[in-house]
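Here is the structure we will look at, set down as structure tokens.
The values are calculated or read from the model by the stated rules, or taken from the named source; none is laboratory data. Because the structure is a prediction, the values reported are computed rather than measured. Positions of Cβ are generated from backbone atoms using ideal geometry, with glycine treated the same way; all protein chains shown enter the neighbour counts. Accessible surface is based on the protein model in full, side chains and every heavy atom, while ligands, DNA and RNA are left aside. Shrake-Rupley method; radii C 1.70, N 1.55, O 1.52, S 1.80 Å.
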Amino acid sequence: MKHLKPLLLLPILLILVLLIEGKKQKLETGDIAFSSFHSKDNDGFSIITLEDIPAHTTIYFTDSEWNGNRFGIDEGNLVWNSGFQSILSHTEIDFSDINNTPKTNIGLIHGRLNLNHKEDAIFAYSGESIKQPTVFIAAVSNHAKSYGTLINTNLKEGQTAITYPKNTFSATYIGDLKDVEKVDVLKSLNDFDNYKLNQFSEGLAKK
């Protein structure tokens, strides 16, 4: 009987290992961040991974407003899958032509987002399905009110929710984020001196 005890413990240990590994694979707030945003002509954006992204991970993107409990049924959605291989931390992933035929340099994508030139936001989240988030990972906007609200998202404006200056229709980070600590990446991405910004003139923005 003494020899049976270690054998009985093996299945329990295996289950514990699998549970721990499963928890590691779930994305959390701040595991990715937006590094560019383009809402005019060829709409698009970029993200940078701040943790390793497991293979077959799905992230949803929407430009619908959040009301504190749910997304609106309007606006568009993108569904991105990381593909067959894991993606290392500090990898930049580009999404282009998202208002027509979305393209990405890594993984698979389908859906469409048609961003408003002057005021719009994008939420990145994981969940059971489109418009049903369980974890908000990141957000970006060119106007604070475009989020709707950040209540019940765990996102913080100026950190995991990046809000570009008013009238910005194109923002591209121009610094080097390789080998930079996660907290410092988020600080850099919220410092708009580190960007190439294109903005509407005040008169044009009001039209």
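A few comments on the model shown:
- Computed extension gain for THR101 through ILE130, at 0.36 nm per residue and net of the alpha carbon distance, reaches 8.6 nm.
- Once the Cβ-Cβ distance of ILE73 and GLU181 is raised to the sixth power relative to R0 = 45 Å, the FRET efficiency obtained is 0.70.
- Computed lengthening from SER89 to GLU157, 0.36 nm per intervening residue step minus Cα-Cα distance: 22.2 nm
- On Cα atoms only, tilt of 4-25 relative to the major axis of the chain in degrees: 0 degrees
- LYS103 contributes an accessible area of around 100 Å² to the protein surface, as traced by a 1.4 Å probe with all chains present.
- Diffusion coefficient, µm² s⁻¹, Stokes-Einstein with Kirkwood Rh over alpha-carbon pairs of segment 59-207 at 25 °C and 0.890 mPa s: 151 µm²/s
- Just the protein heavy atoms count here, and of the accessible area of the chain at 1.4 Å, carbon and sulfur take up 54 percent.
- Ordering PHE71, ALA171, THR160 by Cα displacement along the dipole of the chain toward the positive end leaves PHE71 in first place; charges were set at the Cβ atoms of Lys, Arg (+1) and Asp, Glu (-1).
- Whole-number percent relative contact order across segment 46-176, with pairs defined as alpha carbons under 8 Å at least 6 apart: 24 percent
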